[in-house]
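Data first, discussion second: the structure below is written as C-alpha coordinates.
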There are 2 protein chains.
Amino acid sequence: MRVVGVFDSGLGGLITARLLTVRAPGVAIHYYGDTAHLPYGDKSPAQIRSYVREIVRFLVEAGAESIAIACNTASAVAVDVAQAVAGSLPVFDAISPALKLLSSKTFPEPIGVVGTYTTIRSGIYGEHLRAKGYEVKELATPVLVPLIEEGWVDHPATEAALRTYLDALGEVGTLLLACTHYPLLLSPIRRYYRERGWNVSILSTAALLADAVAEALAPPVLGSAETASTFWVSDLSPRFLQLAAHFWGAPLELRESSAVMLS
Amino acid sequence: MRVVGVFDSGLGGLITARLLTVRAPGVAIHYYGDTAHLPYGDKSPAQIRSYVREIVRFLVEAGAESIAIACNTASAVAVDVAQAVAGSLPVFDAISPALKLLSSKTFPEPIGVVGTYTTIRSGIYGEHLRAKGYEVKELATPVLVPLIEEGWVDHPATEAALRTYLDALGEVGTLLLACTHYPLLLSPIRRYYRERGWNVSILSTAALLADAVAEALAPPVLGSAETASTFWVSDLSPRFLQLAAHFWGAPLELRESSAVMLS
(Lines give C-alpha, C1' and ligand atoms only; values in the text may rest on other atoms or scores of the structure.)
Protein backbone atom coordinates (compact mmCIF):
# COMPACT_ATOMS: atom_id res chain seq x y z
CA MET A 1 0.00 0.00 0.00
CA ARG A 2 2.72 2.49 -0.97
CA VAL A 3 0.84 4.01 -3.88
CA VAL A 4 -2.08 6.18 -2.79
CA GLY A 5 -4.58 7.39 -5.38
CA VAL A 6 -5.75 10.88 -4.43
CA PHE A 7 -8.39 12.75 -6.37
CA ASP A 8 -10.22 16.05 -6.26
CA SER A 9 -12.44 18.12 -8.50
CA GLY A 10 -9.45 20.42 -8.97
CA LEU A 11 -6.01 20.97 -7.54
CA GLY A 12 -6.83 21.68 -3.89
CA GLY A 13 -6.38 17.96 -3.18
CA LEU A 14 -2.67 18.43 -3.86
CA ILE A 15 -2.54 20.12 -0.45
CA THR A 16 -3.90 16.91 1.11
CA ALA A 17 -1.44 14.86 -0.98
CA ARG A 18 1.44 17.01 0.17
CA LEU A 19 0.39 16.64 3.84
CA LEU A 20 0.32 12.89 3.24
CA THR A 21 3.89 12.85 1.90
CA VAL A 22 4.99 14.69 5.05
CA ARG A 23 3.26 12.15 7.31
CA ALA A 24 4.36 9.11 5.26
CA PRO A 25 7.55 10.20 3.46
CA GLY A 26 7.96 7.11 1.27
CA VAL A 27 4.46 7.19 -0.18
CA ALA A 28 3.90 7.56 -3.92
CA ILE A 29 0.96 9.72 -4.97
CA HIS A 30 -1.18 9.05 -8.01
CA TYR A 31 -3.18 12.23 -8.26
CA TYR A 32 -6.16 12.98 -10.47
CA GLY A 33 -7.55 16.52 -10.60
CA ASP A 34 -10.80 16.70 -12.56
CA THR A 35 -10.08 20.26 -13.65
CA ALA A 36 -12.34 19.94 -16.69
CA HIS A 37 -15.38 19.57 -14.42
CA LEU A 38 -14.65 21.78 -11.43
CA PRO A 39 -16.33 22.87 -9.30
CA TYR A 40 -18.27 19.74 -8.33
CA GLY A 41 -20.42 21.87 -6.01
CA ASP A 42 -22.77 22.89 -8.81
CA LYS A 43 -23.13 19.42 -10.36
CA SER A 44 -25.87 16.88 -9.61
CA PRO A 45 -25.01 13.89 -7.38
CA ALA A 46 -25.62 11.55 -10.36
CA GLN A 47 -23.08 13.42 -12.47
CA ILE A 48 -20.50 13.48 -9.68
CA ARG A 49 -20.98 9.74 -9.13
CA SER A 50 -20.25 9.15 -12.83
CA TYR A 51 -17.04 11.19 -12.61
CA VAL A 52 -15.94 9.40 -9.45
CA ARG A 53 -16.53 5.97 -11.01
CA GLU A 54 -14.27 6.80 -13.95
CA ILE A 55 -11.59 8.47 -11.85
CA VAL A 56 -11.30 5.62 -9.33
CA ARG A 57 -11.16 3.08 -12.16
CA PHE A 58 -8.37 5.15 -13.76
CA LEU A 59 -6.37 5.41 -10.53
CA VAL A 60 -6.72 1.71 -9.71
CA GLU A 61 -5.60 0.79 -13.24
CA ALA A 62 -2.66 3.16 -12.83
CA GLY A 63 -1.58 1.19 -9.78
CA ALA A 64 -3.16 2.88 -6.77
CA GLU A 65 -3.31 0.58 -3.76
CA SER A 66 -5.69 2.78 -1.78
CA ILE A 67 -7.95 5.71 -2.64
CA ALA A 68 -8.25 9.05 -0.85
CA ILE A 69 -11.17 11.28 -1.87
CA ALA A 70 -9.82 14.76 -1.14
CA CYS A 71 -12.96 16.50 -2.41
CA ASN A 72 -15.69 17.31 0.14
CA THR A 73 -18.50 17.20 -2.42
CA ALA A 74 -17.45 13.84 -3.84
CA SER A 75 -16.98 12.54 -0.28
CA ALA A 76 -20.55 13.54 0.53
CA VAL A 77 -22.21 11.78 -2.40
CA ALA A 78 -19.95 9.11 -3.91
CA VAL A 79 -18.00 7.13 -1.30
CA ASP A 80 -20.04 4.00 -2.07
CA VAL A 81 -19.31 4.32 -5.80
CA ALA A 82 -15.58 4.72 -5.11
CA GLN A 83 -15.62 1.68 -2.81
CA ALA A 84 -17.53 -0.42 -5.36
CA VAL A 85 -14.92 0.33 -8.03
CA ALA A 86 -11.97 -0.01 -5.63
CA GLY A 87 -13.15 -3.43 -4.49
CA SER A 88 -10.99 -4.67 -1.64
CA LEU A 89 -8.70 -1.61 -1.68
CA PRO A 90 -9.26 0.83 1.19
CA VAL A 91 -11.11 4.04 0.40
CA PHE A 92 -10.74 7.15 2.59
CA ASP A 93 -13.00 10.19 2.33
CA ALA A 94 -12.55 13.80 3.40
CA ILE A 95 -15.47 13.93 5.84
CA SER A 96 -15.28 10.82 8.05
CA PRO A 97 -11.89 11.41 9.75
CA ALA A 98 -12.98 14.77 11.20
CA LEU A 99 -16.37 13.47 12.33
CA LYS A 100 -14.72 10.39 13.86
CA LEU A 101 -12.17 12.45 15.79
CA LEU A 102 -14.79 14.89 17.06
CA SER A 103 -16.97 11.96 18.16
CA SER A 104 -14.27 9.93 19.86
CA LYS A 105 -12.74 12.80 21.78
CA THR A 106 -14.42 15.85 23.32
CA PHE A 107 -13.34 19.15 21.81
CA PRO A 108 -14.02 22.61 23.25
CA GLU A 109 -17.34 24.15 22.17
CA PRO A 110 -18.77 25.76 20.22
CA ILE A 111 -17.39 24.04 17.15
CA GLY A 112 -17.04 26.54 14.30
CA VAL A 113 -17.27 25.00 10.84
CA VAL A 114 -16.08 26.99 7.82
CA GLY A 115 -16.21 25.86 4.19
CA THR A 116 -17.58 26.66 0.75
CA TYR A 117 -21.26 27.48 0.21
CA THR A 118 -21.83 23.95 -1.09
CA THR A 119 -20.30 22.28 1.96
CA ILE A 120 -22.01 24.53 4.51
CA ARG A 121 -25.40 24.35 2.73
CA SER A 122 -25.17 20.55 2.70
CA GLY A 123 -25.16 20.75 6.50
CA ILE A 124 -23.17 17.53 6.67
CA TYR A 125 -20.77 18.60 9.43
CA GLY A 126 -23.31 20.61 11.40
CA GLU A 127 -25.90 17.84 11.48
CA HIS A 128 -23.46 15.13 12.56
CA LEU A 129 -21.85 17.29 15.23
CA ARG A 130 -25.18 18.50 16.64
CA ALA A 131 -26.32 14.86 16.78
CA LYS A 132 -23.25 14.23 18.97
CA GLY A 133 -24.42 16.98 21.31
CA TYR A 134 -22.02 19.70 20.19
CA GLU A 135 -22.97 23.34 19.90
CA VAL A 136 -22.06 24.22 16.31
CA LYS A 137 -21.64 27.49 14.40
CA GLU A 138 -21.41 27.17 10.61
CA LEU A 139 -20.22 29.84 8.20
CA ALA A 140 -19.71 29.79 4.45
CA THR A 141 -16.48 31.58 3.60
CA PRO A 142 -16.60 31.65 -0.22
CA VAL A 143 -13.93 34.22 -1.02
CA LEU A 144 -11.15 32.22 0.65
CA VAL A 145 -10.70 29.66 -2.15
CA PRO A 146 -10.29 32.30 -4.90
CA LEU A 147 -7.85 34.21 -2.68
CA ILE A 148 -5.79 31.07 -2.00
CA GLU A 149 -5.88 30.13 -5.69
CA GLU A 150 -4.52 33.57 -6.49
CA GLY A 151 -1.54 32.69 -4.27
CA TRP A 152 -2.50 35.37 -1.76
CA VAL A 153 -1.96 33.49 1.49
CA ASP A 154 -0.02 36.26 3.23
CA HIS A 155 -1.83 39.08 1.52
CA PRO A 156 -3.74 41.96 3.14
CA ALA A 157 -6.86 40.98 1.16
CA THR A 158 -6.84 37.51 2.69
CA GLU A 159 -6.13 38.88 6.15
CA ALA A 160 -9.05 41.32 5.82
CA ALA A 161 -11.35 38.56 4.54
CA LEU A 162 -10.36 36.22 7.37
CA ARG A 163 -10.91 38.96 9.94
CA THR A 164 -14.44 39.62 8.68
CA TYR A 165 -15.31 35.91 8.58
CA LEU A 166 -13.79 35.00 11.96
CA ASP A 167 -15.39 38.10 13.52
CA ALA A 168 -18.75 36.93 12.14
CA LEU A 169 -18.20 33.43 13.51
CA GLY A 170 -17.40 34.86 16.93
CA GLU A 171 -15.94 32.95 19.86
CA VAL A 172 -15.43 29.24 19.28
CA GLY A 173 -13.60 26.55 21.21
CA THR A 174 -12.71 24.58 18.09
CA LEU A 175 -12.49 25.60 14.46
CA LEU A 176 -12.99 22.95 11.78
CA LEU A 177 -11.54 23.94 8.39
CA ALA A 178 -13.83 21.95 6.10
CA CYS A 179 -12.23 22.70 2.74
CA THR A 180 -9.25 21.23 0.86
CA HIS A 181 -7.62 24.65 0.50
CA TYR A 182 -7.80 25.95 4.04
CA PRO A 183 -4.69 24.27 5.56
CA LEU A 184 -2.75 26.99 3.72
CA LEU A 185 -4.45 29.57 5.94
CA LEU A 186 -3.43 27.93 9.21
CA SER A 187 -0.83 30.61 10.08
CA PRO A 188 -3.04 33.67 9.56
CA ILE A 189 -5.94 31.94 11.37
CA ARG A 190 -3.71 31.06 14.33
CA ARG A 191 -2.44 34.66 14.33
CA TYR A 192 -6.03 35.99 14.41
CA TYR A 193 -6.90 33.95 17.50
CA ARG A 194 -3.56 34.56 19.21
CA GLU A 195 -4.01 38.32 18.83
CA ARG A 196 -7.37 38.02 20.61
CA GLY A 197 -5.94 35.74 23.28
CA TRP A 198 -8.49 33.03 22.40
CA ASN A 199 -7.38 29.45 22.83
CA VAL A 200 -8.95 27.71 19.83
CA SER A 201 -8.27 24.13 18.69
CA ILE A 202 -7.96 24.16 14.92
CA LEU A 203 -8.75 21.03 12.92
CA SER A 204 -8.58 20.60 9.17
CA THR A 205 -10.50 17.96 7.23
CA ALA A 206 -7.62 17.78 4.72
CA ALA A 207 -4.97 17.15 7.36
CA LEU A 208 -7.17 14.61 9.17
CA LEU A 209 -7.69 12.74 5.88
CA ALA A 210 -3.91 12.68 5.38
CA ASP A 211 -3.54 11.39 8.97
CA ALA A 212 -6.10 8.63 8.37
CA VAL A 213 -4.35 7.44 5.20
CA ALA A 214 -0.89 7.66 6.79
CA GLU A 215 -2.04 5.64 9.83
CA ALA A 216 -3.38 2.91 7.58
CA LEU A 217 -0.04 2.71 5.75
CA ALA A 218 1.35 0.14 8.20
CA PRO A 219 4.15 -0.84 8.51
CA PRO A 220 5.44 2.72 8.19
CA VAL A 221 6.58 3.61 4.70
CA LEU A 222 10.07 5.04 4.84
CA GLY A 223 11.42 4.56 1.36
CA SER A 224 11.83 7.27 -1.22
CA ALA A 225 9.07 6.37 -3.60
CA GLU A 226 8.07 10.01 -3.94
CA THR A 227 9.73 10.24 -7.32
CA ALA A 228 7.20 7.65 -8.48
CA SER A 229 4.34 10.10 -7.94
CA THR A 230 2.30 11.01 -11.00
CA PHE A 231 -0.17 13.83 -11.45
CA TRP A 232 -2.98 13.88 -13.99
CA VAL A 233 -5.61 16.50 -14.74
CA SER A 234 -8.55 16.35 -17.12
CA ASP A 235 -7.87 19.88 -18.39
CA LEU A 236 -4.36 21.31 -18.51
CA SER A 237 -3.77 25.05 -18.75
CA PRO A 238 -0.83 27.28 -17.79
CA ARG A 239 -2.90 28.54 -14.88
CA PHE A 240 -3.43 24.99 -13.56
CA LEU A 241 0.30 24.28 -13.82
CA GLN A 242 1.07 27.37 -11.76
CA LEU A 243 -1.61 26.53 -9.21
CA ALA A 244 -0.39 22.93 -8.91
CA ALA A 245 3.17 24.06 -8.14
CA HIS A 246 1.78 26.51 -5.59
CA PHE A 247 -0.27 23.83 -3.80
CA TRP A 248 2.39 21.15 -4.03
CA GLY A 249 5.09 23.55 -2.84
CA ALA A 250 7.40 22.76 -5.77
CA PRO A 251 7.11 22.55 -9.55
CA LEU A 252 5.55 19.31 -10.70
CA GLU A 253 4.77 17.67 -13.98
CA LEU A 254 1.06 17.58 -14.81
CA ARG A 255 -0.17 15.14 -17.43
CA GLU A 256 -3.46 15.62 -19.20
CA SER A 257 -5.66 12.55 -19.31
CA SER A 258 -9.33 12.27 -20.13
CA ALA A 259 -9.94 9.51 -17.60
CA VAL A 260 -13.38 10.97 -17.33
CA MET A 261 -14.92 10.71 -20.76
CA LEU A 262 -18.33 11.87 -19.63
CA SER A 263 -19.09 15.51 -20.13
CA MET B 1 -39.54 48.18 -27.72
CA ARG B 2 -40.21 48.85 -24.05
CA VAL B 3 -39.57 45.30 -22.83
CA VAL B 4 -35.90 44.33 -22.91
CA GLY B 5 -34.92 40.71 -22.35
CA VAL B 6 -31.63 40.60 -20.45
CA PHE B 7 -29.84 37.37 -19.63
CA ASP B 8 -26.66 36.21 -17.97
CA SER B 9 -25.17 32.99 -16.69
CA GLY B 10 -25.90 34.27 -13.19
CA LEU B 11 -27.03 37.43 -11.48
CA GLY B 12 -24.26 39.85 -12.51
CA GLY B 13 -26.40 40.86 -15.48
CA LEU B 14 -28.78 42.51 -13.02
CA ILE B 15 -26.15 45.24 -12.70
CA THR B 16 -26.42 45.84 -16.47
CA ALA B 17 -30.23 45.74 -16.21
CA ARG B 18 -30.18 48.29 -13.41
CA LEU B 19 -27.89 50.59 -15.42
CA LEU B 20 -30.38 50.26 -18.28
CA THR B 21 -33.32 51.32 -16.07
CA VAL B 22 -31.32 54.41 -15.09
CA ARG B 23 -30.62 55.31 -18.73
CA ALA B 24 -34.14 54.47 -19.93
CA PRO B 25 -36.40 54.90 -16.89
CA GLY B 26 -39.58 53.53 -18.46
CA VAL B 27 -38.10 50.29 -19.66
CA ALA B 28 -39.39 46.92 -18.43
CA ILE B 29 -36.80 44.21 -17.84
CA HIS B 30 -37.39 40.54 -18.45
CA TYR B 31 -34.36 38.99 -16.83
CA TYR B 32 -33.16 35.41 -17.02
CA GLY B 33 -30.25 34.28 -14.84
CA ASP B 34 -29.11 30.78 -15.69
CA THR B 35 -27.97 30.14 -12.12
CA ALA B 36 -28.28 26.37 -12.54
CA HIS B 37 -25.47 26.41 -15.10
CA LEU B 38 -23.11 29.13 -13.92
CA PRO B 39 -20.32 29.80 -14.57
CA TYR B 40 -20.49 29.57 -18.38
CA GLY B 41 -16.71 30.04 -18.51
CA ASP B 42 -16.03 26.34 -17.98
CA LYS B 43 -18.66 25.07 -20.45
CA SER B 44 -18.08 24.18 -24.09
CA PRO B 45 -19.28 26.63 -26.77
CA ALA B 46 -21.77 23.99 -28.00
CA GLN B 47 -23.31 23.72 -24.54
CA ILE B 48 -23.50 27.50 -24.10
CA ARG B 49 -25.14 27.84 -27.51
CA SER B 50 -27.80 25.33 -26.42
CA TYR B 51 -28.50 27.30 -23.25
CA VAL B 52 -28.66 30.59 -25.15
CA ARG B 53 -31.11 29.15 -27.70
CA GLU B 54 -33.51 28.10 -24.92
CA ILE B 55 -33.14 31.29 -22.92
CA VAL B 56 -33.74 33.63 -25.88
CA ARG B 57 -36.76 31.55 -26.92
CA PHE B 58 -38.09 31.83 -23.35
CA LEU B 59 -37.56 35.61 -23.18
CA VAL B 60 -39.13 36.23 -26.60
CA GLU B 61 -42.16 34.12 -25.64
CA ALA B 62 -42.36 36.08 -22.38
CA GLY B 63 -42.70 39.28 -24.42
CA ALA B 64 -39.18 40.66 -24.81
CA GLU B 65 -38.94 43.12 -27.70
CA SER B 66 -35.15 43.16 -27.77
CA ILE B 67 -32.43 40.98 -26.28
CA ALA B 68 -29.35 42.07 -24.32
CA ILE B 69 -26.71 39.40 -23.67
CA ALA B 70 -25.12 40.62 -20.44
CA CYS B 71 -22.75 37.64 -20.22
CA ASN B 72 -19.28 38.03 -21.76
CA THR B 73 -18.87 34.31 -22.44
CA ALA B 74 -22.26 33.95 -24.15
CA SER B 75 -21.54 37.15 -26.10
CA ALA B 76 -18.29 35.62 -27.36
CA VAL B 77 -19.78 32.38 -28.66
CA ALA B 78 -23.54 32.65 -29.16
CA VAL B 79 -24.64 36.00 -30.64
CA ASP B 80 -25.59 34.33 -33.93
CA VAL B 81 -27.74 31.75 -32.11
CA ALA B 82 -29.47 34.50 -30.13
CA GLN B 83 -30.11 36.48 -33.32
CA ALA B 84 -31.43 33.41 -35.14
CA VAL B 85 -33.97 32.78 -32.38
CA ALA B 86 -34.83 36.46 -31.93
CA GLY B 87 -35.53 36.85 -35.67
CA SER B 88 -36.19 40.49 -36.47
CA LEU B 89 -35.83 41.66 -32.86
CA PRO B 90 -32.60 43.53 -32.10
CA VAL B 91 -29.92 41.63 -30.19
CA PHE B 92 -27.20 43.43 -28.22
CA ASP B 93 -24.11 41.74 -26.84
CA ALA B 94 -21.70 42.69 -24.06
CA ILE B 95 -18.56 42.89 -26.20
CA SER B 96 -19.44 44.93 -29.32
CA PRO B 97 -20.37 48.27 -27.72
CA ALA B 98 -16.95 48.63 -26.02
CA LEU B 99 -15.02 47.58 -29.14
CA LYS B 100 -17.13 49.93 -31.27
CA LEU B 101 -16.54 52.90 -28.97
CA LEU B 102 -12.80 52.24 -28.75
CA SER B 103 -12.62 51.96 -32.54
CA SER B 104 -14.66 55.03 -33.39
CA LYS B 105 -12.93 57.34 -30.91
CA THR B 106 -9.31 57.41 -29.81
CA PHE B 107 -8.79 56.70 -26.13
CA PRO B 108 -5.58 57.29 -24.17
CA GLU B 109 -3.13 54.35 -24.26
CA PRO B 110 -2.24 51.89 -23.05
CA ILE B 111 -5.68 50.31 -22.72
CA GLY B 112 -5.83 48.12 -19.61
CA VAL B 113 -8.34 45.28 -19.84
CA VAL B 114 -9.43 43.46 -16.67
CA GLY B 115 -11.84 40.54 -16.47
CA THR B 116 -12.23 36.92 -15.39
CA TYR B 117 -9.71 34.26 -16.43
CA THR B 118 -12.10 33.05 -19.11
CA THR B 119 -12.52 36.49 -20.67
CA ILE B 120 -8.83 37.40 -20.55
CA ARG B 121 -7.71 33.97 -21.80
CA SER B 122 -10.13 34.27 -24.72
CA GLY B 123 -8.11 37.33 -25.80
CA ILE B 124 -11.19 38.78 -27.46
CA TYR B 125 -10.67 42.37 -26.29
CA GLY B 126 -6.89 42.34 -26.60
CA GLU B 127 -6.87 41.00 -30.13
CA HIS B 128 -9.46 43.45 -31.44
CA LEU B 129 -7.86 46.44 -29.76
CA ARG B 130 -4.34 45.54 -30.92
CA ALA B 131 -5.71 45.14 -34.44
CA LYS B 132 -6.91 48.74 -34.13
CA GLY B 133 -3.37 49.80 -33.26
CA TYR B 134 -3.83 50.20 -29.52
CA GLU B 135 -1.21 49.22 -26.98
CA VAL B 136 -3.04 46.86 -24.65
CA LYS B 137 -2.34 45.41 -21.20
CA GLU B 138 -4.57 42.53 -20.10
CA LEU B 139 -4.93 41.17 -16.59
CA ALA B 140 -7.16 38.46 -15.16
CA THR B 141 -8.57 39.62 -11.81
CA PRO B 142 -10.36 36.49 -10.60
CA VAL B 143 -10.91 37.32 -6.93
CA LEU B 144 -13.00 40.40 -7.68
CA VAL B 145 -16.20 38.54 -8.60
CA PRO B 146 -16.28 36.46 -5.39
CA LEU B 147 -15.56 39.60 -3.36
CA ILE B 148 -18.38 41.52 -5.06
CA GLU B 149 -20.73 38.55 -4.67
CA GLU B 150 -19.93 38.56 -0.95
CA GLY B 151 -21.19 42.15 -0.92
CA TRP B 152 -17.76 43.47 -0.03
CA VAL B 153 -17.56 46.49 -2.33
CA ASP B 154 -16.28 48.91 0.31
CA HIS B 155 -14.31 46.31 2.22
CA PRO B 156 -10.59 46.33 3.04
CA ALA B 157 -10.20 42.94 1.33
CA THR B 158 -11.52 44.35 -1.94
CA GLU B 159 -9.42 47.48 -1.60
CA ALA B 160 -6.28 45.35 -1.01
CA ALA B 161 -7.13 43.09 -3.97
CA LEU B 162 -7.74 46.08 -6.25
CA ARG B 163 -4.48 47.67 -5.17
CA THR B 164 -2.49 44.52 -6.01
CA TYR B 165 -4.19 44.10 -9.38
CA LEU B 166 -3.99 47.75 -10.44
CA ASP B 167 -0.36 47.91 -9.27
CA ALA B 168 0.36 44.86 -11.45
CA LEU B 169 -1.39 46.46 -14.41
CA GLY B 170 0.68 49.62 -13.98
CA GLU B 171 0.08 52.92 -15.73
CA VAL B 172 -2.74 52.95 -18.24
CA GLY B 173 -4.52 55.69 -20.14
CA THR B 174 -7.81 53.83 -20.24
CA LEU B 175 -9.17 50.99 -18.13
CA LEU B 176 -11.78 48.67 -19.63
CA LEU B 177 -13.80 46.78 -17.03
CA ALA B 178 -14.68 43.67 -19.03
CA CYS B 179 -16.94 41.89 -16.54
CA THR B 180 -20.63 42.23 -15.63
CA HIS B 181 -19.81 42.75 -11.94
CA TYR B 182 -17.13 45.41 -12.12
CA PRO B 183 -19.31 48.55 -12.40
CA LEU B 184 -19.84 48.11 -8.65
CA LEU B 185 -16.11 48.76 -8.16
CA LEU B 186 -16.09 52.06 -10.02
CA SER B 187 -15.70 54.18 -6.86
CA PRO B 188 -12.73 52.30 -5.34
CA ILE B 189 -11.04 52.10 -8.77
CA ARG B 190 -11.48 55.86 -9.30
CA ARG B 191 -10.14 56.43 -5.80
CA TYR B 192 -7.05 54.31 -6.55
CA TYR B 193 -6.17 56.35 -9.63
CA ARG B 194 -7.02 59.68 -8.01
CA GLU B 195 -4.68 58.95 -5.11
CA ARG B 196 -1.87 58.38 -7.61
CA GLY B 197 -2.77 61.48 -9.60
CA TRP B 198 -3.25 59.40 -12.75
CA ASN B 199 -5.87 60.56 -15.21
CA VAL B 200 -7.42 57.32 -16.41
CA SER B 201 -10.56 56.96 -18.58
CA ILE B 202 -12.64 54.14 -17.16
CA LEU B 203 -15.00 52.21 -19.43
CA SER B 204 -17.25 49.33 -18.47
CA THR B 205 -18.59 46.77 -20.92
CA ALA B 206 -21.75 46.47 -18.81
CA ALA B 207 -22.46 50.20 -18.85
CA LEU B 208 -21.69 50.46 -22.58
CA LEU B 209 -24.13 47.61 -23.26
CA ALA B 210 -26.79 49.46 -21.26
CA ASP B 211 -25.98 52.62 -23.27
CA ALA B 212 -26.33 50.76 -26.57
CA VAL B 213 -29.71 49.32 -25.62
CA ALA B 214 -30.95 52.66 -24.24
CA GLU B 215 -29.92 54.50 -27.42
CA ALA B 216 -31.83 52.03 -29.55
CA LEU B 217 -34.97 52.57 -27.46
CA ALA B 218 -36.14 55.48 -29.63
CA PRO B 219 -38.31 57.44 -29.11
CA PRO B 220 -37.15 57.76 -25.50
CA VAL B 221 -39.11 55.59 -23.09
CA LEU B 222 -40.35 57.72 -20.24
CA GLY B 223 -43.24 55.75 -18.84
CA SER B 224 -43.19 53.79 -15.62
CA ALA B 225 -43.22 50.27 -16.92
CA GLU B 226 -40.59 49.25 -14.40
CA THR B 227 -43.18 47.52 -12.28
CA ALA B 228 -43.69 45.20 -15.25
CA SER B 229 -40.17 43.83 -14.88
CA THR B 230 -39.91 40.12 -14.19
CA PHE B 231 -36.89 38.14 -13.02
CA TRP B 232 -36.38 34.44 -13.56
CA VAL B 233 -33.56 32.14 -12.55
CA SER B 234 -33.00 28.48 -13.38
CA ASP B 235 -31.96 27.69 -9.80
CA LEU B 236 -33.37 29.59 -6.85
CA SER B 237 -31.64 29.57 -3.47
CA PRO B 238 -31.68 32.00 -0.52
CA ARG B 239 -28.16 33.03 -1.50
CA PHE B 240 -29.27 33.95 -5.02
CA LEU B 241 -32.17 36.00 -3.63
CA GLN B 242 -29.76 37.95 -1.43
CA LEU B 243 -27.31 38.44 -4.29
CA ALA B 244 -30.06 39.60 -6.66
CA ALA B 245 -31.24 42.27 -4.21
CA HIS B 246 -27.64 43.37 -3.78
CA PHE B 247 -27.04 43.72 -7.52
CA TRP B 248 -30.43 45.25 -8.26
CA GLY B 249 -30.10 47.68 -5.37
CA ALA B 250 -33.48 46.73 -3.89
CA PRO B 251 -35.31 43.54 -2.97
CA LEU B 252 -36.85 41.84 -5.98
CA GLU B 253 -38.99 38.83 -6.63
CA LEU B 254 -37.12 35.98 -8.30
CA ARG B 255 -39.12 33.26 -10.04
CA GLU B 256 -37.68 29.86 -10.73
CA SER B 257 -38.17 28.62 -14.26
CA SER B 258 -36.43 25.83 -16.08
CA ALA B 259 -36.46 27.61 -19.43
CA VAL B 260 -33.28 25.72 -20.07
CA MET B 261 -34.16 22.06 -19.94
CA LEU B 262 -30.76 20.86 -21.05
CA SER B 263 -28.39 19.83 -18.34
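The values are calculated or read from the model by the stated rules, or taken from the named source; none is laboratory data. It should be emphasised that the depicted structure is a prediction, and the values quoted were computed from it without experimental measurement. We place every Cβ from the backbone using ideal geometry, glycine too, and count neighbours over all the protein chains shown. The protein model used for the area step is the full one, side chains on, heavy atoms only, and it has no ligands, DNA or RNA in it. Shrake-Rupley method; radii C 1.70, N 1.55, O 1.52, S 1.80 Å.
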Identify, please: which residue in the stretch B:110-153 is among the acidic types (Asp, Glu) and at the interface with another protein chain (Cβ under 10 Å from one of its Cβ atoms) and is, among those, nearest to B:Trp248 (Cα to Cα)?
B:Glu149
Taking the residues in the stretch A:168-187 that are surrounded by fewer than 20 Cβ atoms within 10 Å (Cβ to Cβ) and part of a helix (DSSP H, G or I) as candidates, determine which candidate is nearest to the other protein chains (Cβ to nearest Cβ).
A:Ala168
All positions within the stretch A:188-220 that are touching a residue at least 24 places away in the same chain (Cβ under 8 Å), assigned to a helix (DSSP H, G or I) and open to solvent by 10 Å² or more (accessible area, probe 1.4 Å)
A:Pro188, A:Tyr192, A:Ala207, A:Leu208, A:Asp211, A:Ala212, A:Ala214, A:Ala216
Return the only residue of B:Ala64, B:Ala36 being in contact with a strand residue (DSSP E or B) (Cβ under 6 Å, 6 or more places away or on another chain) and part of a loop (DSSP other than H, G, I, E, B).
B:Ala64
In the stretch B:154-167, which residue that is more than 9 Å from chain A (Cβ to nearest Cβ) and surrounded by fewer than 17 Cβ atoms within 10 Å (Cβ to Cβ) is nearest to B:Gly112 (Cα to Cα)?
B:Asp167
Of the numbered conditions (1) of a type outside the set (Asp, Glu); (2) open to solvent by 10 Å² or more (accessible area, probe 1.4 Å); (3) within 14 Å of chain B (Cβ to nearest Cβ); (4) not in a helix (DSSP H, G or I), A:Gly10 satisfies every one except a single condition; which is it?
(2)
Residue set A:Val4, A:Val56, A:Val22; condition of a type in the set (A, V, I, L, M), surrounded by fewer than 21 Cβ atoms within 10 Å (Cβ to Cβ) and not in a loop (DSSP other than H, G, I, E, B); output residue A:Val22
Looking at the stretch A:33-50, can you tell me whether even one residue there is more than 14 Å from every other protein chain (Cβ to nearest Cβ) and open to solvent by 10 Å² or more (accessible area, probe 1.4 Å)?
yes
Residue check, A:Ala74 part of a loop (DSSP other than H, G, I, E, B), among the aliphatic types (A, V, I, L, M), in the same structural domain as A:Gly13 (by TED's automatic domain parsing) and open to solvent by less than 40 Å² (accessible area, probe 1.4 Å)
no
When the stretch A:245-259 is examined, which residues are found to be open to solvent by 20 Å² or more (accessible area, probe 1.4 Å) and touching a residue at least 12 places away in the same chain (Cβ under 8 Å)?
A:His246, A:Trp248, A:Gly249, A:Leu252, A:Glu253, A:Arg255, A:Glu256, A:Ser257, A:Ser258
Could you please let me know if B:Gly123 is of a type outside the set (D, E, K, R), touching a strand residue (DSSP E or B) at 6+ places or on another chain (Cβ under 7 Å) and assigned by TED's automatic domain parsing to the domain that holds B:Cys179?
no
Test: residue in the stretch A:110-126 that is open to solvent by 40 Å² or more (accessible area, probe 1.4 Å), assigned to a helix (DSSP H, G or I) and farther than 30 Å from A:Leu243 by Cα:
no
Of the listed residues (A:Gly87, A:Gly112), the one being more than 17 Å from the chain's Cα centre (by Cα), modelled with pLDDT of 95 or more and closer than 23 Å to A:Leu147 by Cα is A:Gly112
Checked against (1) more than 18 Å from B:Val233 (Cβ to Cβ); (2) in contact with an Asp or Glu (Cβ under 6 Å, 6 or more places away or on another chain); (3) among the small types (Gly, Ala, Ser), B:Ala94 satisfies every condition except (2)
